[in-house]
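Just so you know, all these numbers are worked out from the coordinates, no wet-lab data involved. It should be emphasised that the depicted structure is a prediction, and the values quoted were computed from it without experimental measurement. Positions of Cβ are backbone-derived with ideal geometry, glycine not excepted, and every protein chain shown enters the neighbour counts.
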Amino acid sequence: MKIIDSHSHCYSAELATAPRAWAESHHEPHWADLVAPLDRPSIQGWATMEQSLAAMDAAGVQQTVLLGWYWQNEATCRWQNEVIAGWLQAAPERFIGFASIHPGGTAASVIAQCEHALSLGLRGVGELHSGIQHFDSSSVGWHALADWCVAHDWPINLHATEAVGHDHPGSVPTPLNDFLRMAEAHPELKLILAHWGGGLAFFELNPRLRKALKNVYYDTSATPLLYEPSIFRRMIEIIGVEKILFGSDFPLRVYPRTQKTPDYSMFIETIQNEANLSPDEFAAVMQGNIQRLLGKA
Ligand SMILES: [Zn+2]
């Protein structure tokens, strides 16, 4: 079985060498604070394309969705998409690219960003962050983006901050109610909420909300930092296995105490050993669901 990771990130060597200086020169203070803070150690890891491919090979990951980042500037989003396109060109059979989009502007600017991303060979949007990029379900730019993505059958991956939790530095809220508004306004839009949707999945136990959230999916990125492995079984009971997508958040070091360099193996082994999935459930989460979502992979 081939494993497909639905949530990882890629950065250029120039950025990885001096992240803080890079972020300052590109006016990206939130990212600098998150990955290169001055007052605490960072759990960010770095990997070149070759190192990413080696880590995938070591863990049996056949394909990875390279997500963009929720940059605060449209120019940085456009730059990120070029980086992703470079990786896609080098290893088209291993990578699937999603676009960094800044939805804070006009409809025309959002559509232009999407059209350019399409021309680069990308196939979805994300990871976006409503709190950092200053948009919500009523923004003109968001509506244009959602319309465009429905028309092109592109999924959108949104960062979802856990609604309750300790106040870790760099954490910015993403209101759960607004995800519901987005799903209601665009019922055909395939929305992927990162990090298990920040708790939204629980509300699918309300039959009315379950209907409204029918095209909402949840990825497992950063699970080891947030939840115990039993979350897999409990979420299957609440939302069904078909809505869960394996995502790693590579090259984040999701086991910061033991992981010196980023890898996929530790998290995948934990899923195999502790998540208590049947072979069919494992295949759906690790491969089948994202394939279905993308039409073909
Ligand atoms: Zn995220």
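Give me the residue from the range 247-282 that is in a helix (DSSP H, G or I) and surrounded by fewer than 16 Cβ atoms within 10 Å (Cβ to Cβ) and, out of that set, nearest to the chain's Cα centre (by Cα). Only one residue fits best here, namely S265.
Of everything in the range 185-199 that is within 16 Å of the ligand (Cβ to nearest atom) and free of Cβ contacts under 8 Å to residues at least 60 places away in the same chain, the residue that is nearest to R292 (Cα to Cα) is L191.
Candidates are the residues of the range 150-184 that are touching a Gly at 6+ places or on another chain (Cβ under 8 Å), away from the ligand (no atom under 14 Å from the Cβ) and of a type outside the set (A, V, I, L, M); the one that is nearest to E127 (Cα to Cα) is P155.
Residues that are over 19 Å from I156 (Cα atoms) and of a type outside the set (D, E, K, R) were ranked within the range 200-219; the one that is farthest from the ligand (Cβ to nearest atom) is P207.
Among the residues of the range 1-32, those identified as within 19 Å of the chain's Cα centre (by Cα) and part of a helix (DSSP H, G or I) are H30, W31, A32. Restricting attention to the range 4-62, the residues that are among the acidic types (D, E), free of Cβ contacts under 8 Å to residues at least 60 places away in the same chain and surrounded by 15 or more Cβ atoms within 10 Å (Cβ to Cβ) add up to 1. Taking every residue in the range 200-228 that is farther than 14 Å from I238 by Cα and pairing it with any residue that is more than 16 Å from the ligand (Cβ to nearest atom) and among the polar types (S, T, N, Q), at least 6 positions away or on another chain, the pairs with Cβ-Cβ distances below 7 Å are P224/T270.
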